[in-house]
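Coordinate-derived values only; no laboratory data. Small disclaimer: the values here were computed from a predicted structure and weren't measured. Here the Cβ positions follow ideal geometry from the backbone for every residue, glycine too, while neighbour counts run over all protein chains shown.
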Amino acid sequence: MPNFQRLEPYRPFFIALALVALAFSWRRIYRPAVECEPGEVCALLRVRRGYKIGFWAVALLLAFMLAYPYFTPYFY
């Protein structure tokens, strides 16, 4: 079993990387539909809705993971 405590000094880097990735995906998902050519996947309303639902699910999971270390002392 690996010891993940060795990665603790790099936690701010991983947080920044996750937030940058989330920002880029938000920009890509919420761009105007005008930029999509007809027939592309991003032009389909059903696909765009699925991307948005997936994005917010990942954003909530990321928020939970970022807040988790602050709530763990209450469980032990």
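Sorting the segments 15-27, 35-47 by their mean number of nearby beta carbons within 10 angstrom, highest to lowest, gives 15-27, 35-47.
Helix 45-71: angle to the longest alpha-carbon principal axis of the chain, degrees 0 to 90, nearest 10? Relative to the chain, helix 45-71 is tipped by roughly 10 degrees. Computed from Cα positions, the angle between helix 11-29 and the longest principal axis of the chain comes to roughly 10 degrees.
I'd like the Kirkwood hydrodynamic radius of the chain, using the inverse of the mean 1/r over distinct C-alpha pairs, in Å. Let's see the in-between values first.
Details: mean 1/r = 0.0666 Å⁻¹.
The answer is 15.0 Å.
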